[in-house]
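Working notes, structure below.
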Amino acid sequence: MAKDIVVRIGGEGGEGVISTGDMLARSSARAGLEVLTSKTFPAEIKGGYAMYQFRVSAEKILSHGDTFNIFVAFNKEAYEVNKGQLRPGTVLVYDGPGGDIEPEPIEGVIQYQVPMTRISKVDLGSPISKNMVALGAVVELFSFPMESLKELVRNKFKRKGEDVVNVNIKALDSGAEYVRSNIRKTDIFYVQPQKSGQDSIILSGNEAIGLGALVAGCSFFSCYPITPATEIANWLAKYLPKANGVVVQAEDEIASLGHVIGASYAGAKAMTGTSGPGLDLMTELLGFASMAELPIVIANVQRGGPSTGLPTKSEQSDLFLAARGGHGDFPRIVLAAATIEDCFYLTIDAFNLAEKYQMPVIILSDGSLAFRTEKISRPDISKINIVNREIYSGDGGYQRYEVTDSGISPMSLPGQSGGRYIATGLEHSETAAPKYSDEYHTRMTEKRFKKIANIEDEYSASEWDGNGSADVGIISWGLTQCSVREAVKRCRVAGLSVSALYPKLVFPVPVKAIRRFASTVKKVLIPEVNYQGQFAELITAHAGIKLIRYNIYGGETFTPDQIESKIKEVI
């Protein structure tokens, strides 16, 4: 009996593929199980291949897994896309007769035919309930919790009226009844609900960023909609006004960052969310915020590039842009999230760092993490440290850009007595008056960079997994960390000597931690979902470490199996 199961559902956009997977995952979480989801959908408004995958287990889940155990095919295209991954021991559930799928026999693959289209269209007279018929069949086949699922269905559709609720419940029951009456189960996959005392919540990566911003004290959010970051704005539009905050949809990305800069100048904690093409447009104002020493936070949810690229796919290819984008020399801080909890806590860290150092902070997520949902422990808000900017006391003559030992100078608020100053993009003196001499440009440039000269000592955000020396050390950032963690665990079970370093601060590059780590291993491996090896490039430039690069760039994330195989190859 398999206790760790990966289910993939595939079909056409608009068939309810995503909602089917989401309800299965959420009902499993409510039944006390660990869940981790991922999904892809077409860039078209309607049609095209959509996929939802979730992993369910009684134990903590580290990654999305290597491939699926169970595949539910809604149409022929979904079957054709995924049939190459059907291996002995896997299960295929497909629509037929009445559907367009006619799968060939595959040795060792267990196939269950369920007439999803016929039941929904002919028996129930409700073609759009096909996904609910499929859902009922899957629940019955693999023992997913039906009662918690029905509760979700009732909550989801109750606003549309009792008739809609009843149609969907009937479709669920019809799918389950067909399985009971017509299918003899021969596979080993059963979901086992758990009793859990854990106080938990279920969030997507984008929702977790929104919640982190709310907890950090964000009171202003402006953005221009862009896949895959828009869900941050959608979530904050619902909840930020309840905390007396404001959400604005700007006319473009440039305007959105302008709004954020103005709100920060006025004393608000302010943020925007975007993806690569939007961050491109923001780079001039990014430099302005750094020059004017204004705290701002940008959540950049990376997608495949360049240009319009792959709007619904994932990459780790915006690191150069986040770390180096913009003209001239100006400091910024870049953090990278790997998990749903990271999205929450690192967003809080981003606000704290922006407020402390009075500069832009960018938090990097990616398309896969943005839409992934996961059950996490409910955060204890009382234990979270919140940092606010240093405010001018009102005493003495005010110099906004006074050169201090730390490089940080107090900010005033508009209307504060004696605190008037001009926040300008021009080079300036301590009083904010424009100055163009080499003396002032040298002094102010050094002041701005001095603020984060010791950031690695002041903000420790690298996790070292390993004891003593190892044959291979992996340095991993962003979502790739999840697959690396599972691969490292497998390799150690196999007797291999492996260590790992997981930095959350990716720029400025944590040179001290990386050099210490590299000194304990024979070889250093860096896997990244980009072509150029962007973090590897930065590490080589800043830390001078010899690295082995492992890059994929097809728009998908690493699997643990890929990382495990590469570790063995390197050893």
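Report the trypsin sites (Lys or Arg not before Pro) located in segment 29-112 that are in a DSSP loop and have at most 16 other Cβ atoms inside 10 Å of their Cβ, or state none.
On the way: sites: 30, 39, 46, 55, 60, 76, 83; in loops: 46, 60.
In loop regions of segment 29-112 (DSSP not H, G, I, E or B), the sparsely surrounded trypsin sites (Lys or Arg not before Pro) are 46, 60.
To the nearest 0.05, what FRET efficiency results for residue 393 and residue 532 with a Förster distance of 30 Å applied to their C-beta separation?
Values: r = 47 Å, r/R0 = 1.58.
Calculated transfer efficiency: 0.05.
Could you rank the peptides 211-219, 323-331 by their average count of other C-beta atoms within 10 Å per residue, with the highest value first? Display every interim value, and only then the final one.
Working: 211-219: 22.1, 323-331: 15.0.
For the peptides 211-219, 323-331, the packing ranking is 211-219, 323-331.
Just the accessible area for residue 170, please: 1.4 Å probe, Å², rounded to the nearest 10?
Approximately 120 Å² for this residue.
If you take every DSSP beta bridge fully contained in the chain, what fraction is antiparallel? Give it as a percent rounded to 5. Write out the running numbers ahead of the final one.
Values: 30 of 78 bridges.
Once the DSSP bridges in the chain are tallied, antiparallel ones form about 40 percent.
Rg over Rh of the chain, using C-alpha atoms and the Kirkwood radius, what does it come to?
Value, to two decimals: 1.02.
Tell me, what is the percent relative contact order of the chain, built from C-alpha pairs under 8 Å that lie six or more residues apart?
Working: 1243 pairs, mean separation 67.7, N = 571.
Averaging sequence separation for qualifying contacts and normalising by length gives 12 percent for the chain.
Using a 1.4 Å probe on the protein heavy atoms only, what accessible surface does residue 529 show? Give it in Å² to the nearest 10.
Solvent-accessible area, nearest 10 Å²: 10 Å².
For segment 1-96, give me the percentage of DSSP beta bridges that are antiparallel, rounded to the nearest 5 percent. Present the calculation step by step, with values, prior to reporting the outcome.
Details: 16 of 24 bridges.
For segment 1-96, the DSSP antiparallel bridge percentage is about 65.
Among DSSP bridges having both ends in segment 219-314, what percentage is antiparallel? Round to the nearest 5.
10 percent
Rounded to whole Hz and in sequence order, give me ³J(HN,Hα) for segment 242-256 from the Karplus expression 6.51 cos²θ - 1.76 cosθ + 1.60, θ = phi - 60°, writing x for Gly and Pro.
Values, residue by residue: 5, 9, 6, x, 10, 10, 10, 9, 7, 6, 6, 5, 4, 4, 4 Hz.
With labels modelled as points extended 7 Å from the Cα through the Cβ direction, what inter-label distance (nm, one decimal) is found for residue 569 paired with residue 490?
Reported label-point gap for residue 569 and residue 490 is 1.4 nm.
Could you give the nm distance between label points at residue 19 and residue 439, where each point is 7 Å from its Cα heading toward the beta carbon?
7.0 nm
Can you work out the Karplus-derived ³J(HN,Hα) for every residue in segment 81-88? Use 6.51 cos²θ - 1.76 cosθ + 1.60 with θ = phi - 60°, whole Hz, and x for glycine or proline.
Karplus-based 3J(HN,Hα) across segment 81-88 equals 5, 10, 5, x, 9, 7, 10, x Hz.
Any chance you could run the full-extension gain for residue 380 through residue 548? It's 0.36 nm times the residue separation minus the Cα-Cα distance, nm to one decimal. If you can, show how the numbers build up before the last one.
Details: separation 168, 0.36 × 168 = 60.48 nm, distance 3.99 nm.
Full extension of this stretch gives 56.5 nm more.
R0 = 25 Å: FRET efficiency of residue 160 with residue 239, Cβ-based, nearest 0.05?
Details: r = 23 Å, r/R0 = 0.94.
That pair, residue 160 with residue 239, gives E of 0.60.
For the peptides 305-318, 542-555, what is the packing order when you average, over each peptide's residues, the other Cβ atoms within 10 Å and list the highest mean first? If you can, show how the numbers build up before the last one.
Working: 305-318: 18.7, 542-555: 15.4.
The most tightly packed comes first, giving 305-318, 542-555.
Near the amide H of residue 296, under 5 Å away, which other amide H atoms are found, from residues 5 or more places off or on another chain, if H is placed in the peptide plane?
Amide H to amide H, under 5 Å and 5 or more residues apart or across chains, residue 296 pairs with 359, 361.
Add +1 for every Lys or Arg and -1 for every Asp or Glu among the other residues with Cβ under 15 Å from the Cβ of residue 341, and state the total. Walk me through the numbers on the way to the answer.
Details: positive: 60, 372, 375, 378, 383, 485, 504; negative: 34, 199, 207, 342, 349, 374, 380, 463.
Summing Lys and Arg as +1 and Asp and Glu as -1 gives -1.
I'd like the distance separating the alpha-carbon centroids of segment 463-525 and segment 339-369, in whole Å.
Taking the Cα centre of each part, segment 463-525 and segment 339-369 sit 22 Å apart.
Taking the 0 to 90 degree range and rounding to the nearest ten, how far is the long axis of helix 146-157 tilted relative to the main principal axis of the chain, both from C-alpha atoms?
60 degrees
Heavy atoms of the protein only, probe of 1.4 Å, neighbouring chains included. What is the accessible area of residue 133 in Å², nearest 10?
0 Å²
Please identify every one of the chymotrypsin sites (Phe, Trp or Tyr not before Pro) in segment 87-151 that sits in a loop by DSSP and has no more than 10 other beta carbons within 10 Å of its own beta carbon. Display every interim value, and only then the final one.
Numbers: sites: 94, 112, 142; in loops: none.
Sites meeting the loop and neighbour criteria: none at all.
Charges at C-beta only: +1 for Lys and Arg, -1 for Asp and Glu. How large is the resulting dipole of segment 286-423 about its Cα centre, in Debye rounded to 20?
On the way: 12 positive and 15 negative charges, 72 e Å.
Computed about the Cα centre, the dipole is about 340 debye.
What is the sum of charges around residue 94, taking Lys and Arg as +1, Asp and Glu as -1, for the other residues whose C-beta is under 15 Å from the C-beta of residue 94?
Values: positive: 8, 76, 83, 118, 130; negative: 12, 15, 77, 80, 95, 100, 102, 104, 187.
Summing Lys/Arg as +1 and Asp/Glu as -1 gives -4.
If you put +1 on each Lys and Arg Cβ and -1 on each Asp and Glu Cβ, how big is the dipole of the chain around its Cα centre, in Debye rounded to 20? Mind dumping the intermediate values first?
On the way: 60 positive and 65 negative charges, 204 e Å.
Once rounded to the nearest 20, the dipole reads 980 debye.
Mind checking the angle between helix 205-216 and the chain's longest principal axis? C-alpha axes, 0 to 90 degrees, to the nearest 10.
40 degrees
Contour minus end-to-end for residue 520 and residue 183, with contour as 0.36 nm per residue of separation and end-to-end as the Cα-Cα distance?
Numbers: separation 337, 0.36 × 337 = 121.32 nm, distance 5.61 nm.
Full extension of this stretch gives 115.7 nm more.
Subtract the Cα-Cα distance of residue 341 and residue 128 from 0.36 nm times their separation in residues, and report this length gain in nm to one decimal.
Numbers: separation 213, 0.36 × 213 = 76.68 nm, distance 3.54 nm.
Additional length available on full extension: 73.1 nm.
Can you tell me the orientation of helix 276-291 relative to the chain, as the angle in degrees between its alpha-carbon axis and the longest Cα principal axis, to the nearest 10?
20 degrees
Let's test the formula: R0 of 56 Å, r as the Cβ-Cβ distance of residue 111 and residue 308. What FRET efficiency results, to the nearest 0.05? Before the final figure, lay out the partial values.
On the way: r = 39 Å, r/R0 = 0.70.
So the FRET efficiency works out to roughly 0.90.
Mind jotting down the distance between the C-alpha centroids of segment 158-195 and segment 249-279, whole Å?
45 Å
The values are calculated or read from the model by the stated rules, or taken from the named source; none is laboratory data. These numbers were taken from a predicted model, which means no experiment stands behind them. Counting neighbours? That spans all protein chains shown, and the Cβs are built from the backbone with ideal geometry, glycine included. Heavy atoms of the whole protein, side chains included, go into the accessibility calculation; ligands, DNA and RNA do not. Shrake-Rupley method; radii C 1.70, N 1.55, O 1.52, S 1.80 Å.
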